[in-house]
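Asks: Before I ask anything, here is the structure I am working with.
The values are calculated or read from the model by the stated rules, or taken from the named source; none is laboratory data. Just so it is clear, the structure is predicted and the values come from calculations on it, not from any experiment. Note that each Cβ is placed from the backbone with ideal geometry, even for glycine, and that neighbours are counted across all protein chains shown.
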Amino acid sequence: MLDLAALRRILVQRQTPPAERTGLRPAAVLVPLTAGPAGPGVVLVRRSATLPLHGGQIAFPGGTWDPTDADLLATALREAEEEIGLRRADVEVLGALSDTVTATSRFCIRPFVAWIPPGTVFAPDPAEVEAILPIPLALLREPANFREERWEREGRTFPVYFYQAGTEVIWGATARILRELLGLLSLPAPEPSG
């Protein structure tokens, strides 16, 4: 069972500073956690292959900050509603993970972890989303389903993570976000304050 209160405490106590965003486009994603037949899981999407950026890739619902958004959390909630029909009233935001930067498209992404009720019905926008992919966390925790490669870009070597979930390959910023989340879920829960 996923201890939501402990995860919320971990996220609040971390208070990671925002990444340097100079020259980057601000964006946000929702990291929806829920319960399914195989236990706790995360909801991902396969982006439409026709999208100009990251088309066909596995991602979290989310997108670029819009000036009408009050903040990046509003961006994540708006995008999740537009892309998969996730109503804001059905989302319990637990906290934020570390900002992550996409190397080629130059986004600085703020991930917001949220709980959504089991059995939530999604309404994907076919212009943006080809498929909704609920993936059990236990599957992602299996060592056989994770690999790390070392890539070079602009004279620097950096790790690139990959998760195998059935026939789906999750990599890039999405895999970095998952790796941070899974690491936090394996930490001992902090004691409640007060």
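Asks: Count, please, the residues in segment 119-135 that happen to be of a type outside the set (F, W, Y) and in a loop (DSSP other than H, G, I, E, B). Can you show your working first?
Replies: Applying the first criterion (of a type outside the set (F, W, Y)) to segment 119-135 yields 119-121, 123-135.
Add one more test, that the residue is in a loop (DSSP other than H, G, I, E, B), and what stays is 119-121, 123-128.
Here the count works out to 9.
Asks: Hey, can you tell me all the residues within segment 144-169 that are in contact with a strand residue (DSSP E or B) (Cβ under 7 Å, 6 or more places away or on another chain) and among the β-branched types (V, I, T)?
Replies: Filtering segment 144-169 for residues in contact with a strand residue (DSSP E or B) (Cβ under 7 Å, 6 or more places away or on another chain) gives 145-151, 157-163, 165, 168-169.
T157, V160, V169 - these are the residues of segment 144-169 that are in contact with a strand residue (DSSP E or B) (Cβ under 7 Å, 6 or more places away or on another chain) and among the β-branched types (V, I, T).
Asks: May I ask you to say which residue of V113, V129 is in contact with a Gly (Cβ under 7 Å, 6 or more places away or on another chain) and surrounded by 17 or more Cβ atoms within 10 Å (Cβ to Cβ)? Give the steps one after another, and end with the answer.
Replies: Working: V129 fails: in contact with a Gly (Cβ under 7 Å, 6 or more places away or on another chain).
Answer to the selection: V113.
Asks: Take segment 82-103 and flag every residue that is under 25 Å from D3 (Cβ atoms) and part of a helix (DSSP H, G or I).
Replies: Hits for segment 82-103 are R88, A89, D90.
Asks: Also, quick follow-up: Among residues belonging to segment 87-110 that are among the aliphatic types (A, V, I, L, M) and closer than 22 Å to L184 by Cβ, point out the one that is surrounded by the most Cβ atoms within 10 Å (Cβ to Cβ). Reasoning before the result, please.
Replies: Pass one, segment 87-110, residues among the aliphatic types (A, V, I, L, M): 89, 91, 93-94, 96-97, 101, 103, 109.
So of that shortlist, the ones also closer than 22 Å to L184 by Cβ come out as 91, 93-94, 96-97, 101, 109.
Details: V91: 21, V93: 16, L94: 19, A96: 21, L97: 22, V101: 16, I109: 30.
So the residue we want is I109.
Asks: For the structure I just gave you, tell me whether E152 is free of Cβ contacts under 8 Å to residues at least 12 places away in the same chain and part of a strand (DSSP E or B). Walk me through it before giving the result.
Replies: Working: free of Cβ contacts under 8 Å to residues at least 12 places away in the same chain: yes; part of a strand (DSSP E or B): yes.
Yes, satisfied.
Asks: Also, quick follow-up: Take the conditions closer than 30 Å to P37 by Cβ and part of a loop (DSSP other than H, G, I, E, B) and apply them to L139. Does it pass?
Replies: Values: closer than 30 Å to P37 by Cβ: yes; part of a loop (DSSP other than H, G, I, E, B): no.
For L139, the condition - closer than 30 Å to P37 by Cβ and part of a loop (DSSP other than H, G, I, E, B) - is not met.
Asks: What are the pairs with Cβ atoms under 6 angstrom where one residue, in segment 97-115, is in contact (Cβ under 8 Å) with a residue 12 or more places away in the chain and the other, located anywhere, is in a loop (DSSP other than H, G, I, E, B) and of a type in the set (S, T, Y)? Sequence gap at least six, or different chains.
Replies: Within 6 Å, the pairs are S98/T16.
Asks: Step by step: first the residues of segment 140-167, then only those that are under 19 Å from R46 (Cβ atoms) and over 18 Å from the mean Cα position of the chain (by Cα), then the one that is surrounded by the most Cβ atoms within 10 Å (Cβ to Cβ). Which residue is that?
Replies: Per the criteria, the residue is G166.
Asks: Among the residues of segment 18-32, count how many are among the charged types (D, E, K, R) and either in a strand (DSSP E or B) or modelled with pLDDT of 95 or more (or both). Full working, then the answer.
Replies: Residues of segment 18-32 that are among the charged types (D, E, K, R), as a first pass: 20-21, 25.
Next, from what is left, pick out any that are either in a strand (DSSP E or B) or modelled with pLDDT of 95 or more (or both): 25.
Qualifying residue count for the region: 1.
Asks: Here's something else I'd like to know. From the list A59, A89, A80, which one is in contact with a Gly (Cβ under 8 Å, 6 or more places away or on another chain) and among the aliphatic types (A, V, I, L, M)?
Replies: On the way: A59 fails: in contact with a Gly (Cβ under 8 Å, 6 or more places away or on another chain); A89 fails: in contact with a Gly (Cβ under 8 Å, 6 or more places away or on another chain).
Criteria check complete, one pass: A80.
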